[in-house]
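The values are calculated or read from the model by the stated rules, or taken from the named source; none is laboratory data. On a predicted model such as this, the values are computed, not experimentally measured, just so you know. Because the Cβ atoms are built from the backbone with ideal geometry, glycine has one as well, and the counts that use them run over all protein chains shown. Side chains are part of the model used for accessible areas, which takes the heavy atoms of the whole protein and leaves out ligands, DNA and RNA. Shrake-Rupley method; radii C 1.70, N 1.55, O 1.52, S 1.80 Å.
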Amino acid sequence: MSETFERYFVPQPSKFPILGAAALLLFGSGAAMWVNKVGAGPWIFFCGIAILIYMLFGWFGQVVRESEGGLYGRQVGKSFRWSMGWFIFSEVMFFAAFFGALFYVRVLALPALSTGENEALLWQGFSGAWPSSGPRVADAFTPMGAWGIPAINTLILLSSGATLTWAHYGLLKGKRSQLKLGLLVTILLGAIFLSLQAYEYTHAYAELNLRLDSGIYGSTFYLLTGFHGLHVTVGAIMLTVMLFRSIAGHFTPEHHFGFEAAAWYWHFVDVVWLFLFVVVYWL
Amino acid sequence: MTALTHDRIGAHPPHEHAHGPTGLMRWVTTTNHKDIGTMYLIFSFIMFLSGGVMALTIRAELFKPGLQVVEPEFFNQLTTMHGLVMVFGAIMPAFVGFANWMIPLMIGASDMAFARMNNWSFWLLPPAAILLLGSFFVPGGATAAGWTLYAPLSVQMGMGMDLAIFAIHIMGVSSIMGAINIVVTILNMRAPGMNMMRMPLFCWTWLITAYLLIAVMPVLAGAVTMILTDRHFGTSFFNAAGGGDPVMYQHIFWFFGHPEVYIMILPAFGIVSQIIPTFSRKPLFGYASMVYATASIAILSFTVWAHHMFTTGMPAVGQLFFMYATMLIAVPTGVKVFNWVATMWRGSLSFETPMLWATGFIFVFTMGGFTGLICAIAPIDIQLQDTYYVVAHFHYVLVAGSLFALFAGAYYWLPKWTGHMPNEFIGKLHFWCSMVFFNITFFPMHFLGLAGMPRRIPDYALQFADFNAMASIGAFGFGLSQLIFLVAVVKCIRGGKQAAAQSWEGAEGLEWTVPSPAPHHTFEDAPVLART
Ligand code: HEM
Ligand SMILES: [Cu+2]
């Protein structure tokens with residue numbers, strides 16, 4: 001039998017999906033109750049999260065075992081690659097919605113609010129210049145500058161991309177310690193990035209009076225950087241798993257899709273940051 | 001496309017599924033694409049009935065002028081939930097059910113690429129349905145902002161709105177995973193020799209649909225997330241006082257929304273393109289042009305969204321651009337209709353139930369396409385927007401388009417699913433009742449809209465009374481007719497004429513080479529396709 005005729009791996013029945021469904025049911029209903037200040041909300045919400053974490057551990061654990069057990073042939077590997085690519089594409093489109101919103105308010109909404117009838121009748125004296133919290137949000141705020149922490153963070157993320165690639169070379173050449181060291185440094189850089197980001201948020205709230213409710217500037221600033229930060233967190237968790245797997249002796253130079261997927265994700269998060277740096281902080 | 005044969009059938013005895021749980025747990029834990037497809041289909045039919053009950057309540061209220069049956073607030077909840085349930089609960093999952101059942105059979109794959117994730121995609125839907133339908137029972141009731149959830153209304157609703165938002169998030173996760181699964185299955189799991197341009201058209205349309213889903217479901221997720229943060233966390237995305245813009249919501253929503261309508265119709269095109277050649281006993285006319293037409297519809301669908309917004313404020317150049325871009329889409333759609341008719345031309349036609357539905361589809365869907373073109377003309381649409389004319393348009397494309405194609409496909413593949421032929425008399429009765437009552441319901445809505453009756457309104461001026469009464473009578477007839485479908489399916493599962501592997505005389509394709517009913521596991525070893 002040639003390669004192409006090898007049977008495709010179809011998993012046995014599994015309890016994890018239904019656990020995941022239950023988790024999201026609790027997650028969704030709990031969150032809806034929580035934001036409406038129904039007492040049980042947070043409890044239900046965190047129950048959902050807990051089940052979700054348990055499910056993800058179990059499910060991915062099983063995938064890792066199956067992978068290391070050699071159940072996945074070449075064709076399955078190809079499926080994984082395709083799917084990760086399409087998943088990242090869906091993430092790109094998610095960010096596109098928020099970048100689109102930022103673009104829309106800067107290019108269309110604010111100019112419209114500050115000219116013509118709107119300016120004459122509704123919002124007199126409103127200049128519409130970016131950064132803006134809109135005509136009626138009272139508190140003045142200072143926008144976040146680009147050349148402090150954000151610039152440093154850009155350097156950090158870019159170098160983390162390089163260290164990750166260095167780790168990948170290590171893996172390809174069978175230099176396991178280079179692999180582990182590279183991963184470790186990448187994760188640390190990610191952690192530094194996140195801490196700086198957290199510091200930046202506290203600074204913004206404490207000193208700049210830049211808040212989530214600072215009009216449209218605060219909305220776009222926090223949602224874009226916040227969702228990006230969430231993705232960095234997820235990426236760092238993925239890389240940490242890969243580090244532990246490397247320590248446990250997983251991955252071969254030919255066969256290491258898990259590592260690759262995490263690396264693709266990390267690079268995607270990197271690229272999103274570059275766009276963020278340019279349009280949210282700089283311009 | 002012709003002479004697909006393979007020599008591996010029966011090489012392996014049908015698997016006993018000795019392993020794995022039985023009873024309810026079998027369905028809960030299954031990784032089998034046929035089981036999962038069946039669950040999708042049953043789920044969507046249940047949602048179809050619940051959305052149908054809402055629709056009938058709406059029509060009961062509109063039977064005559066004045067307020068009789070429900071409060072206006074509840075009426076608005078009903079129109080909103082009817083739309084959401086039908087779009088996300090009935091039509092979309094039903095097509096995913098077809099994809100699950102048929103795509104592996106059509107391309108000679110042993111299952112979907114990610115069988116476990118496939119199960120999760122399905123089992124996320126019941127929780128989403130619970131959140132959505134449960135929202136009727138929370139204080140303030142379900143969201144009443146319209147299925148489009150326009151800001152600022154959606155920023156003001158009660159807890160029902162939050163439940164709807166999370167339901168949409170969960171359904172989005174389900175759709176994206178389902179779509180990734182389908183794309184990967186089609187790209188990576190085709191049997192050797194099943195090259196792309198030999199694939200059945202249903203697979204092509206689903207490949208492109210799945211691409212659209214992956215591209216736009218995240219955008220919808222972003223839009224409802226912004227609503228959520230505007231509602232509870234003080235952001236100002238859709239609040240002009242904070243520098244945002246409610247119209248921006250419409251742009252983001254319709255950037256999702258227009259591709260979404262193609263998500264609901266492209267698989268229907270695929271089903272019809274399987275059925276027409278079978279009962280014309282001729283290969284599909286213009287296979288390649290069908291593929292290209294589908295692809296161009298998908299690409300163009302990203303450039304037309306603001307035709308839903310001609311009256312919400314747009315510069316004239318914008319109106320012109322979106323008007324012409326929209327009309328451009330009618331070209332590939334026309335190519336498709338032409339090809340179906342050309343396939344039938346000089347075929348040896350027979351009109352068994354599936355063909356009846358497919359032919360009916362061509363007639364009524366095309367009318368919906370034409371009214372779409374009329375709506376696309378900006379100066380006309382300024383009169384028509386938010387009237388019953390639009391309601392008529394999208395029911396012609398969604399009910400007579402998507403739903404009729406779903407019925408066509410169900411009757412067509414029931415033999416493969418159950419091993420029995422569906423009863424022709426019941427199937428035809430279902431078709432004729434649906435066809436007649438559908439038109440009684442929705443045709444008068446064109447006149448109502450042209451005369452200026454607004455949509456989403458529980459009461460209306462006296463001059464609209466006659467056509468509304470007619471539409472309500474038709475709606476109840478249509479609703480009852482759907483019970484015939486239930487009878488047809490149950491009877492077909494219970495028994496009936498034994499179906500051959502090739503259940504319909506002219507049916508071609510790999511799915512007709514496996515026995516009927518299809519064994520639990522098929523194509524565990526890839527079939528070998530004859531060269532063409
Ligand atoms: C030739 C093809 C089509 C054209 C030119 C077209 C055009 C349009 C236009 C211009 C509108 C906006 C009308 C208004 O709000 O004033 C509209 C609404 C709508 N169309 Fe189509 N359409 C086409 C096909 C379809 C298909 C295939 C579907 C779904 C299967 C569909 C579903 C809808 C829906 C659901 C709405 C109303 C949305 C709402 O406001 O709630 N259309 N169409
Ligand atoms: Cu549209």
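Multiplying the residue separation of B:Leu49 and B:Phe137 by 0.36 nm and removing their Cα-Cα distance gives an extension gain of 29.8 nm. Per residue, chain B exposes 34 Å² of solvent-accessible protein surface, assessed with a 1.4 angstrom probe and all protein chains in place. Distances between placed amide hydrogens fall under 5 Å for B:Asp245 paired with B:Phe238, B:Asn239, all partners being 5 or more residues away or on another chain. Over the Cα atoms of the stretch B:259-348, the radius of gyration divided by the Kirkwood radius equals 1.11; this is the Rg/Rh ratio. Using only alpha carbons, chain A has a radius of gyration to Kirkwood radius ratio (Rg to Rh) of 1.05. Heavy-atom accessible area with a 1.4 Å probe sorts B:Arg346, A:Arg136, largest first, into B:Arg346, A:Arg136. Once C-alpha pairs closer than 8 Å and six or more residues apart are averaged by separation and normalised to the residue number of chain A, the relative contact order reads 17 percent.
Compute the acute angle (0 to 90°) between the alpha-carbon long axis of helix A:16-35 and the principal axis of greatest extent of the alpha-carbon atoms of chain A; round to the nearest 10°. Result, in degrees: 20. If you take all other residues with their beta carbon under 12 Å from the beta carbon of B:Thr312, and give Lys and Arg +1 and Asp and Glu -1, the sum is -3.
When the Cα positions of A:Tyr222, A:Ile156, A:Ala236 are compared along the charge dipole of the stretch A:74-282, A:Ala236 comes out farthest toward the positive end, with charges on each C-beta of Lys, Arg, Asp and Glu. Expressed in Å, the radius of gyration and Dmax of the Cα atoms of the protein assembly as shown are 27.3, 83. For A:Lys180, the lysines whose Cα comes closer than 27 Å to its Cα, not counting residues fewer than 8 places off in the same chain, are A:Lys78.
In chain B, with Lys and Arg counted as +1 and Asp and Glu as -1 at Cβ, which of these residues, B:Phe253, B:Val331, B:Gly178, has the Cα nearest the positive end of the dipole, that is, farthest along it? The one lying farthest along the dipole's positive direction is B:Val331. Taking a sphere under 15 Å around the Cβ of A:Pro150 and counting the other residues whose Cβ falls inside, with K and R at +1 and D and E at -1, yields a net charge of -2. Spacing of the modelled spin labels on A:Glu117 and B:Phe476, each 7 Å from Cα toward Cβ, amounts to 4.6 nm.
Scaling the Cα radius of gyration of the stretch A:51-152 by the globular reference 2.2 N^0.38 Å produces a ratio of 1.90. Dipole magnitude for the stretch A:74-282: about 1040 debye, using +1 per Lys or Arg Cβ and -1 per Asp or Glu Cβ, origin at the Cα centre. Against the longest principal axis of chain B, how steep is helix B:287-300, in degrees 0 to 90 to the nearest 10, with axes from Cα atoms? Compared with the principal axis, the helix lies near 30 degrees. Hydrodynamic analysis of the stretch B:314-453 uses the Kirkwood radius over alpha carbon pairs. Inserted into Stokes-Einstein at 10 °C and 1.306 mPa s, it gives a translational diffusion coefficient of 95 µm²/s.
Who wins for biggest fluctuation among A:Arg65, A:Arg176, A:Arg211 in a Gaussian network model of chain A, springs between alpha carbons below 10 Å? Ranking A:Arg65, A:Arg176, A:Arg211 by mean-square fluctuation puts A:Arg65 first. With all distinct Cα pairs included, what does the Kirkwood hydrodynamic radius of the stretch B:35-88 come out to in Å, to one decimal, could you say? Computed over Cα pairs of the stretch B:35-88, the Kirkwood hydrodynamic radius comes out at 12.1 Å.
For the stretch A:158-283, the spread of Cα coordinates along the three principal axes comes to 52, 22, 18 Å, biggest extent given first. Quantify how much of the Cα-Cα distance distribution of the stretch B:428-520 extends past 23 Å, in percent. Roughly 51 percent, rounded to a whole number. Measuring with a 1.4 angstrom probe and ignoring ligands and nucleic acids, B:Lys34 comes out at about 10 Å² accessible.
Association of chains B and A removes close to 5500 square angstrom of accessible area from solvent, both sides included, for a probe radius of 1.4 Å. Length, then width, then depth: along the principal axes, the Cα atoms of the stretch B:232-294 run 63, 21, 13 Å.
Spatially, the stretch B:120-194 and the stretch B:282-341 are offset by 26 Å when compared through their Cα centroids. When chain A is treated as a GNM with alpha-carbon contacts under 10 Å, the residue of A:Gly116, A:Gly128, A:Gly235 showing the greatest mean-square fluctuation is A:Gly116.
Kirkwood radius and radius of gyration were both taken over the C-alpha atoms of the stretch B:158-297, and their ratio Rg/Rh is 1.12. Taking a point 7 angstrom from the Cα of B:Phe233 along the C-beta vector, which residues in the stretch A:89-105 have backbone N less than 15 Å away? Residues passing the 15 Å test: A:95, A:98-99.
In the protein assembly as shown, a dipole from Cβ-located charges (positive for Lys and Arg, negative for Asp and Glu) runs towards its positive end, and of A:Gly100, A:Asn209, B:Pro127 it is B:Pro127 whose Cα lies farthest in that direction. The distance between label points at A:Asp213 and B:Glu424 comes to 7.0 nm (points 7 Å beyond Cα on the Cα→Cβ vector).
Taken over chain B, the ratio of Cα radius of gyration to 2.2 N^0.38 Å equals 0.96.
Convex hull of alpha carbon positions in the stretch B:174-242: directionally averaged projected area 6.1 nm². Computed from the Cβ-Cβ distance with R0 of 25 Å, the FRET efficiency linking A:Val278 to A:His203 stands at 0.75.
Using a 1.4 Å probe on the protein heavy atoms, what percent of the accessible area of chain A belongs to carbon and sulfur? Result for chain A: 72 percent of the exposed heavy-atom area is carbon or sulfur.
Near B:Met248: Cβ cut-off under 15 Å, other residues only, Lys/Arg at +1 and Asp/Glu at -1. The net charge is -1.
Could you check how many percent of all C-alpha pairs in the stretch A:13-71 are farther apart than 19 Å? So the portion of pairs separated by more than 19 Å is 40 percent.
Solvent exposure of the stretch A:1-127 amounts to 53 Å² per residue of accessible area, where only protein heavy atoms count and the probe is 1.4 Å. Here the sum of -39500 (n - 2.57) over DSSP H runs of 4 or more residues, divided by the residues of the protein assembly as shown, equals -22500 deg cm²/dmol at 222 nm, to the nearest 500.
For the protein assembly as shown, a simple Cβ point-charge model (Lys and Arg +1, Asp and Glu -1, everything else neutral) yields a dipole of about 1500 debye relative to the Cα centre. A Gaussian network model of chain A, with springs between Cα atoms under 10 Å, assigns the largest mean-square fluctuation among A:Val269, A:Val76, A:Val232 to A:Val76.
The angle between the Cα long axis of helix B:465-494 and the longest principal axis of the Cα atoms of chain B comes to about 20 degrees, rounded to the nearest 10. Each Lys and Arg adds +1 at its Cβ and each Asp and Glu adds -1 at its Cβ; summed about the Cα centre, the stretch B:377-532 shows a dipole of about 320 debye. Candidate cross-link partners of A:Lys173 among the aspartates and glutamates, defined by an alpha-carbon separation under 17 Å and a same-chain spacing of 8 or more, comprise A:Glu254, A:Glu260.
Note on the stretch A:70-221: Cα Rg divided by 2.2 N^0.38 Å, N the number of residues, gives 1.50.
Each principal axis of the Cα cloud of the stretch B:121-189 was taken in turn, and the coordinate range along them, longest first, works out to 48, 23, 12 Å.
Whole-percent P(r), the stretch A:215-266, all Cα pairs, 10 Å bins from 0: 24, 36, 20, 13, 6, 0. Take the Cα coordinates of the stretch B:66-119, assign each an equal point scatterer, and use the Debye formula without solvent to give log10 I(q)/I(0) at q = 0.18, 0.27 Å⁻¹. The Cα Debye sum returns log10 ratios of -0.70, -1.00.
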